[in-house]
Amino acid sequence: MRFSRGFFPTLKEAPAEAEVVSHKLMVRSGMIRRLAAGVYTLLPLGLRVQRKVEQILREELNRSGAQEVFLPTLNPAELWRKTGRWEIYGKELIRLKDRHEREFCLGPTHEEVITDLVAREVRSYRDLPLNLYQIQTKFRDEIRPRFGVMRGREFTMKDGYSFDRDETGAEQSYEEMVQAYTRIFRRCGLKFSAVEADSGAIGGSFSHEFMVMADTGEEAITVCNSCGYAANVEKSPVSLKLPENEGGELEKVHTPGAHSIEEVSEFFSLPPYRMVKTLLYIADGEPVAAMIPGHRELNETKLKNTLDAVDIELADAETVEQLTNSEVGFAGPVGLLGVQIVADTSIENCGGLVVGANQTDYHYTGAREGCDFTVSKFADLTVAQEGDACPGCEAGLSIKRGIEVGHVFKLGCKYSESLDATYQDESGETHTIVMGCYGIGVGRTVAAAIEQNHDEDGIIWPTPIAPYHVDIIPVRVDDETMEICDGLYNSLESAGLDVALDDRDERPGVKFKDADLIGFPYKAVVGPRGLKEGKIELKSRKTGETLLVAINEAASFLNNLVTEEMESIG
C-alpha cells in the first residue's frame with residue numbers, strides 16, 4: 001500500500017477520553033475512530049491487524065477439527081427465556097421488539113442459538129462430537145464502556161461450542177481448545193498465561209481465562225512461582241487462618257466517630273483482624289449480611305456464587321438504615337433481624353470479635369460466632385492478596401496484572417437440558433449432550449498486543465499481526481530514489497510480504513515518526529547517503545538495530561528476516 005493512496009490519519013495527540021496506552025495509540029496511529037461511547041469504526045490499518053488475528057484463529061481452529069458457521073445476531077427472546085438468561089443477563093442485554101411486538105435481543109454470546117440449532121439437527125451418537133465456531137459482532141450494553149476496543153458495547157468475538165456424548169468426550173474437547181488457544185496466542189506473538197476463572201453469566205462447572213500479561217491490565221491474577229498455579233483473583237481460593245482470638249463477654253461500647261476499620265482498630269488499640277466487617281447486600285431482592293475479617297476485602301463474585309444469586313448489589317444508605325436503625329458503618333450481626341448472614345470460613349467458632357452494634361456510634365466487643373449471632377452459611381468470601389498460601393503447594397502467591405483475551409468453559413448440560421439437545425446411543429437410549437464453549441475477544445487481542453508491545457514513540461507490533469511487515473521510506477521523492485523504492489516494493493510484494501511505501505511529499509522526520517507510531521516491524525530507508533554506497537538502511541522497530549544492505553540484496557534480506565521471525569514465533 002502506498003501512503004499517497006492510503007487512509008492513515010495519524011494524530012500527534014490522543015483524545016482526552018483515552019485512558020490506556022492501547023486506546024491512545026490505536027487512535028493516534030489511525031486504527032480506530034469513536035462513533036459513540038463504546039462504539040468504534042475500524043480504519044484500514046486497524047482492520048488489517050484484526051483480519052490477521054482472525055486468520056490465525058481460523059487456521060488453528062480448523063486444524064483442531066472445528067468448523068466455522070455464522071449465526072444470527074438477532075436472537076428471539078423465547079430461546080433466552082428457556083435457559084433463564086433473559087432475566088439473568090440483566091441490563092447488559094440489548095433488547096428490542098419488532099413491528100409485531102415480538103421480543104428479541106442483540107446477541108452478546110450465542111449459547112442459546114447454537115444449542116437450538118444442534119438440538120434440531122443432531123439425532124444420533126454418530127453425529128457427535130461436534131465443534132462449531134464463528135467470528136461475529138457482539139453487543140453488550142456495558143454500564144461504563146472504556147479503554148477503547150478493550151471494553152466496548154459493540155465488538156468482534158470468536159465464540160465456539162463443543163458438543164459431546166459424555167463428560168470424557170467433553171473433557172477431550174476442552175483440552176483440544178486449550179491447546180488451540182495456546183497456539184493462537186503464541187502465533188500472535190503474545191506473552192500469556194491460562195488461569196483458573198469464574199464462569200460468570202455463561203455458567204458451567206469450570207473455566208480458564210487466557211490472560212495477556214501487562215502492567216496496565218484491568219484483571220488481577222494470583223500466580224505461584226513455585227508450582228505454576230495461576231487464577232483470576234475472583235476465583236483464587238483463600239484459606240485464611242486468624243490468630244486465636246481472646247474470649248470475653250459481649251459488651252456494647254460507645255465509639256463516637258469510628259466508622260472505618262482503621263478508626264475502630266485505633267479506638268480499641270486492637271489489630272484489624274479482630275474487627276469484623278458486616279456488609280449489607282441485596283441479593284435477588286432479599287437482604288444479606290456478609291461478614292469478613294477487617295483486614296481483608298470482600299470478593300463479590302464469591303459471595304454471589306455462595307448465595308447462588310442472579311444479581312447482587314451493595315445496599316444503599318437508606319436500606320442500611322432501615323435494616324440496622326443506624327448510619328452506614330455500624331452494621332453488625334448481633335440482633336440483626338430478618339437478614340440472612342453469611343460469613344467467611346475464618347470467622348467460624350471465633351470469639352473476642354469487634355462488630356458493629358446496629359446503633360450509630362456503637363460497637364460490640366467480645367462477640368462470639370454461634371453464641372451471640374448465628375451464621376447460615378460459611379464460605380471463602382475474601383479477595384486473594386499478595387503472600388496468601390497457594391492452594392497447590394502453599395507457597396506465597398504473587399499478584400500480577402493481565403488482560404483477558406480468551407475464555408474456555410466446561411458447560412456440562414446447562415444449555416442442552418434447557419433446550420432439549422439430546423442424542424440416541426447405539427441401543428436407542430436418549431442422552432443429553434454435554435457442552436463446552438470457547439471465546440476470544442478479537443479486538444481485545446489487538447489492544448492487548450499493543451499494551452504489551454509499545455514504547456514512547458508508538459506501537460511495536462509482533463510481526464505476525466503487524467498491518468504491514470515493512471515500511472519503505474524514501475528520504476527524497478525524486479525519480480532515482482522512487483525507482484529504487486518501487487523495485488524494492490515490487491520484489492517484497494512478490495515474495496509474499498505486506499509492504500507499505502511512504503511516497504508522500506513530506507519531511508523525512510514526519511515519515512519516521514509515523515512509521516514508529518504505527519509500529520511497522522522494519523523500516524527500509526532509501527536516502528542519498530546510503531545510495532552513494534549503493535545501500536539501503538534497514539532498521540528493526542523492536543531492537544532499534546540498524547544495518548546497511550546492498551540495494552540488490554535488500555529484498556531477499558528483508559524476506560529472510562520476516563520469514564525467520566514468523567517461524568520462530570509460530
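Some values worked out for this structure:
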quantity: Rounded FRET efficiency, nearest 0.05, which uses the C-beta distance separating Leu548 from Ser4 and R0 of 25 Å; calculated: 0.40
quantity: 15 Å beta-carbon shell around Ser260, net charge (K/R +1, D/E -1); calculated: -3
quantity: Percent accessible area from carbon and sulfur atoms, the stretch 281-342, protein chains only, probe 1.4 Å; calculated: 43 percent
quantity: Relative contact order, percent, the chain [alpha-carbon distance under 8 Å, six or more residues apart]; calculated: 17 percent
quantity: Added length on full extension, which subtracts the Cα-Cα distance from 0.36 nm per residue, Lys12 to Glu456; calculated: 158.6 nm
quantity: Vicinal HN-Hα couplings computed from phi for the stretch 142-149 (Karplus, 6.51 cos²θ - 1.76 cosθ + 1.60; Hz; Gly/Pro x); calculated: 4, 5, 9, x, 6, 6, x, 7
quantity: Principal-axis tilt of helix 111-121 within the chain, Cα atoms, nearest 10 degrees; calculated: 80 degrees
quantity: Solvent exposure ordering (accessible area, 1.4 Å, most first) of Asp316, Asp478; calculated: Asp316, Asp478
quantity: Summed side-chain charge close to Asp159 - residues other than Asp159 whose Cβ falls under 11 Å, Lys, Arg +1, Asp, Glu -1; calculated: +1
quantity: Approximate spin-label separation Arg99-Lys532, in nm, with each point projected 7 Å along Cα-to-Cβ; calculated: 7.5 nm
quantity: Pairwise FRET efficiency - Val39 versus Glu175, Cβ, R0 = 35 Å, nearest 0.05; calculated: 0.45
quantity: Added length on full extension, which subtracts the Cα-Cα distance from 0.36 nm per residue, Glu121 to Cys393; calculated: 93.3 nm
quantity: Carbon and sulfur %, accessible surface of the stretch 395-484 computed with the full protein complex present, 1.4 Å; calculated: 39 percent
quantity: Per residue convex hull volume, Cα atoms of the stretch 61-164, in Å³; calculated: 121 Å³
quantity: Fraction in percent of alpha-carbon pairs per bin - 10 Å, the chain; calculated: 3, 15, 20, 21, 18, 13, 7, 3, 1, 0
quantity: Of all accessible heavy-atom area on the stretch 1-152, the percent that carbon and sulfur account for (1.4 Å); calculated: 51 percent
quantity: The stretch 454-493-the stretch 214-276 distance, computed between alpha-carbon centres (Å); calculated: 55 Å
quantity: Helix-derived mean residue ellipticity, 222 nm - over the chain, DSSP H n ≥ 4, -39500 (n - 2.57), to 500; calculated: -8500 deg cm²/dmol
quantity: Whole-Å semi-axes of the ellipsoid equivalent to the stretch 206-315 (Cα gyration tensor, √5λ, descending); calculated: 31, 20, 14
quantity: Free-standing Cys residues across the chain, given no other cysteine C-beta under 4.7 angstrom; calculated: Cys105, Cys188, Cys350, Cys371, Cys413, Cys437, Cys485
quantity: Separation between Cα centres of the stretch 431-447 and the stretch 314-354, rounded to whole Å; calculated: 39 Å
quantity: Area accessible to solvent at His254, 1.4 Å probe radius, in Å²; calculated: 90 Å²
quantity: At R0 = 35 Å, FRET efficiency that the Cβ-Cβ distance of His431 and Lys377 yields, to 0.05; calculated: 0.55
quantity: Percentage of interatomic Cα-Cα distances in the stretch 346-488 larger than 23 Å; calculated: 75 percent
quantity: Segment Asp166-Ile143, extension gain: residue separation times 0.36 nm, minus the distance between their alpha carbons; calculated: 4.5 nm
quantity: Per residue accessible area of the chain, 1.4 Å probe, in Å²; calculated: 46 Å²
quantity: √(5λ) per eigenvalue of the Cα gyration tensor, the stretch 45-102, largest first, Å; calculated: 32, 16, 12
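The values are calculated or read from the model by the stated rules, or taken from the named source; none is laboratory data. In this text the structure is predicted, and so the values were computed from the model without any measurement. Counting neighbours? That spans all protein chains shown, and the Cβs are built from the backbone with ideal geometry, glycine included. Remember, those area values only see protein heavy atoms, side chains included, never the ligands or the DNA or RNA. Shrake-Rupley method; radii C 1.70, N 1.55, O 1.52, S 1.80 Å.
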